[in-house]
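Engineer: Below is a structure I'd like to ask you about.
No lab work stands behind these numbers, since they all come straight from the coordinates. What you are looking at is a predicted structure, and each value in this text was computed from that prediction instead of being measured. Here the Cβ positions follow ideal geometry from the backbone for every residue, glycine too, while neighbour counts run over all protein chains shown.
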Amino acid sequence: MYEGVVQDLIDELGRLPGVGPKSAQRIAFHLLQADAQDVQGLVQALTEVKDKIRFCDTCGNVAEETRCRICTDPRRDGTSICVVEEPKDVVAIERTREFRGRYHVLGGAISPIDGVGPDDLRFTELMTRLASGEVHEVIIATDPNLEGEATAAYTSRLLKDMGLRVTRLASGLPVGGDLEYADEVTLGRAFEGRKLLDA
């Protein structure tokens, strides 16, 4: 334990996702040894992101205006919506350059253990977007874990009678992985999603 403001800084850093006590301590001491100008740059960036960034009124992605750059891009295919849990998932999919449609960010996943139900997520907004009739396909791209599966199942049931093509991202073995290290669920998914090979 450290004194006063140093311990306060370590405690605050430790509240960040993925930052444990030792990492928080390392970051705190890095900041103590850094130039005042570098620390001020970090403070300014944190302040600006809280002041300027909001969530898109249409899809829920991060944006500096009322709508994000994807929702305002006329070249995007409005007939296809990819449903994701968080804005970071949008970034991951965009890096693939495979999807040219639009997104809908739910703001999390259904998790009864954490007290998160469907009413806590952006399902109402999704249904409002789909009511226009412009969308023909909804791609469910939630995480392949228990919460993501529950969210995907709920979304699928919600959209069942809307006459839409509802698909789910395939999951299975990672490229470069070994079968012996794969868990049963991953192997099962790989078998379910197998493809026919052309000779």
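Engineer: Mind listing the long-range amide H neighbours of Arg168? Cut-off is under 5 Å, sequence gap 5 or more, other chains count too, H placed in the peptide plane at 1.01 Å from N.
Structural biologist: Excluding prolines and chain starts, which carry no amide H, the hits are Ile140.
Engineer: I've got another one for you. Which one, Leu164, Gln25, Cys56, projects farthest toward the positive side of the charge dipole computed for the chain from Cβ point charges (K/R +1, D/E -1)?
Structural biologist: Among Leu164, Gln25, Cys56, the one farthest towards the positive end of the dipole of the chain is Leu164.
Engineer: Which ordering of Glu180, Glu48 is given by a fewest-first count of other beta-carbon atoms within 10 Å?
Structural biologist: The order, fewest Cβ neighbours first, is Glu180, Glu48.
Engineer: Report the Cα centroid-to-centroid distance between the stretch 1-58 and the stretch 94-158 in angstrom, as an integer.
Structural biologist: Each part's Cα centre sits 31 Å from the other's.
Engineer: Let me ask you something else. Between Val43 and Ser23, what FRET efficiency follows from the Cβ-Cβ distance if R0 is 30 Å, with the result rounded to 0.05?
Structural biologist: 0.95
Engineer: Relative to the Cα centre, what is the charge dipole magnitude of the chain, using +1 at the beta carbon of each Lys and Arg, -1 at the beta carbon of each Asp and Glu, and rounding to the nearest 20 debye?
Structural biologist: 740
Engineer: Can you tell me the equivalent ellipsoid semi-axes for the stretch 63-199? Use √(5λ) from the Cα gyration tensor, largest first, whole Å.
Structural biologist: 26, 19, 16
Engineer: Right, something else. Listed highest first by mean packing, meaning other Cβ atoms within 10 Å per residue, what order do 139-146, 172-179 come in?
Structural biologist: Top to bottom by mean Cβ count within 10 Å: 139-146, 172-179.
Engineer: Is there a quick way to get the dipole size of the stretch 62-168? I mean about its Cα centre, with the Cβ of Lys and Arg at +1 and of Asp and Glu at -1; what is the value in debye to the nearest 20?
Structural biologist: In debye, rounded to 20, the stretch 62-168 gives about 500.
Engineer: Run the numbers on the chain and let me know its relative contact order in percent, using alpha-carbon pairs under 8 Å that are six or more apart.
Structural biologist: RCO, the chain: 13 percent.
Engineer: Using unit Cβ charges (K, R positive; D, E negative) and no other charged atoms, how large, in debye to the nearest 20, is the dipole of the stretch 1-63 about its Cα centre?
Structural biologist: Dipole about the Cα centre, nearest 20: 240 debye.
Engineer: Antiparallel DSSP bridges in the chain: what percent, to the nearest 5?
Structural biologist: Beta bridges within the chain, antiparallel portion: roughly 20 percent.
Engineer: Same structure again: In which sequence would Met162, Met1 go, from the one with the fewest C-beta neighbours within 10 Å to the one with the most?
Structural biologist: Ranking Met162, Met1 by Cβ neighbours within 10 Å, fewest first, gives Met1, Met162.
Engineer: Of the candidates Asp73, Asp38, Asp161, which one comes out as most mobile in a Gaussian network treatment of the chain with C-alpha springs shorter than 10 Å?
Structural biologist: Asp38
Engineer: Here's something else I'd like to know. So how much slack lies between Ala92 and Asp77, counting 0.36 nm per residue of separation and subtracting their Cα-Cα distance, in nm?
Structural biologist: Residue separation times 0.36 nm, minus the Cα-Cα distance, leaves 3.6 nm.
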